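The values are calculated or read from the model by the stated rules, or taken from the named source; none is laboratory data. All figures in this text were calculated on a predicted structure; none of them were measured in a lab. Virtual Cβ from ideal backbone geometry, glycine too; neighbours counted across all protein chains shown. For accessibility, only protein heavy atoms count, side chains too; no ligands or nucleic acids. Shrake-Rupley method; radii C 1.70, N 1.55, O 1.52, S 1.80 Å.
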Amino acid sequence: MRKWIAGVMSLVAISAVQADFPGLDEWTVDQTIDPLTDDVRVTAGIGIADGLQFMLQCSSGNFGAIIAPLKPEITMEFITMDSSTQVSWRVDDIPAVTEEWSILPAKAGRKPVVINTNADEMAMAVMNANDRFVLRVHGITGVFSVDDAAGYIQQVLDACDIAY
């Protein structure tokens, strides 16, 4: 349980330090090094004008997915007293998958986020998608491009020594 909590906290640190990441409507990757621990954090992600951003991250050897708001009105939807929420996702025309994801509330300098530390299946599905990746969280649906996603996601998987 402690390792899981440490992993969650490692993943969440991105919200405060990467306000301009990811780019809108295109996949990007970012690598940072913690100056205190020298841990490498690699994050691939994409944002959409509708107000959602989706990221996959390897931080301190922990892999996970993060959904965060980009707009103030979307941020309000992420503020809740619940500790988890349902996230539905699909790629191309494959039937949707619904999962329970953790909600991490906003704290000083950090947006509220929804995370999943068991996102291997999702990462592989997005890497192999041909047309689109769709997410629904808190009643908000976002359609994300998958153009060039595989190369960026692979960098995150490599950082966590995950091979498929």
### Message
So the check is Cβ under 8 Å with 6+ separation or different chains; which pairs have a first residue in segment 62-89 that's outside any helix (DSSP H, G or I) and a second one that's of a type in the set (A, V, I, L, M, F, W, C) and open to solvent by 60 Å² or more (accessible area, probe 1.4 Å)?
### Response
S88/A96; W89/A96
### Query
Identify, please: which residue in segment 24-61 is polar (S, T, N, Q) and in a loop (DSSP other than H, G, I, E, B) and is, among those, farthest from D120 (Cα to Cα)?
T37
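So that you can scan it fast, the table gives a plain yes or no per residue for (1) more than 17 Å from Y164 (Cβ to Cβ); (2) surrounded by fewer than 13 Cβ atoms within 10 Å (Cβ to Cβ); (3) over 14 Å from the mean Cα position of the chain (by Cα):
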position: S59; (1), (2), (3): yes, no, no
position: F63; (1), (2), (3): no, no, no
position: T85; (1), (2), (3): yes, no, yes
position: V91; (1), (2), (3): no, no, yes
position: A96; (1), (2), (3): yes, yes, yes
position: N116; (1), (2), (3): yes, no, no
position: N130; (1), (2), (3): yes, yes, yes
position: S145; (1), (2), (3): yes, no, yes
position: Y152; (1), (2), (3): no, no, no
### Task
List the number of the failed condition for Q154; all other conditions in (1) free of Cβ contacts under 8 Å to residues at least 60 places away in the same chain; (2) touching a strand residue (DSSP E or B) at 6+ places or on another chain (Cβ under 8 Å) hold.
(2)
### Task
Determine which single condition V134 fails, assuming it passes every other condition in (1) under 17 Å from T43 (Cβ atoms); (2) β-branched (V, I, T); (3) part of a strand (DSSP E or B).
(1)
### Message
Conditions first: (1) modelled with pLDDT of 95 or more; (2) open to solvent by 20 Å² or more (accessible area, probe 1.4 Å). W101 passes all but one, so which condition is the exception?
### Response
(2)
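Would you mind finding the one in V126, V146 that is of a type in the set (A, V, I, L, M) and outside any helix (DSSP H, G or I)?
Every option except V146 fails the conditions.
Just to be sure before I move on: is A106 open to solvent by 20 Å² or more (accessible area, probe 1.4 Å), under 25 Å from I74 (Cα atoms) and either free of Cβ contacts under 8 Å to residues at least 40 places away in the same chain or in contact with a Cys (Cβ under 7 Å, 6 or more places away or on another chain) (or both) in the structure I sent?
yes
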